[in-house]
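What follows is one structure encoded as structure tokens, with my remarks underneath.
Please treat every number below as a calculation from the coordinates, not as lab data. Since this is a predicted model, take the numbers as computed values, not measurements. Because the Cβ atoms are built from the backbone with ideal geometry, glycine has one as well, and the counts that use them run over all protein chains shown.
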Amino acid sequence: MQREINKEKRTKFMEFAGKRVNNVLHDIQILEPMARSNSYDFTKQDVDEMFDAMQNTLNDAREEFYRKFEEKAKSSKKTFSFGTTSINEEVLEEKTEENV
């Protein structure tokens, strides 16, 4: 079962995400000329640390989005309790279809 998308919230997300992602991309792109410049001196370790930090932050952000997505998916499942047993609605539907 797929949850419904709130169009207003999605529009706001797309607007702000687009701006923020473009800002991040720009900031990454302006790092590149530093690699070609004679004005800077750096080591491979410097570069690895810099890109590891960026990759770790990017991975953390992705995990947060996935975690939120899974929370929303879990909260949209309908269940009911009978005594101390909780039965998922999907299981009930399957059993009903088997009896038909």
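Cut-off is 10 Å between beta-carbons; in what order do ASP48, ASP41 appear when sorted fewest neighbours first?
Listing ASP48, ASP41 from fewest to most nearby Cβ atoms yields ASP41, ASP48.
Could you list, in their original order, any pairs among LYS44/LYS68; LYS19/LYS74; LYS7/LYS74; LYS19/LYS68 whose Cα atoms are separated by more than 32 Å?
Flagged as over cut-off: LYS44/LYS68.
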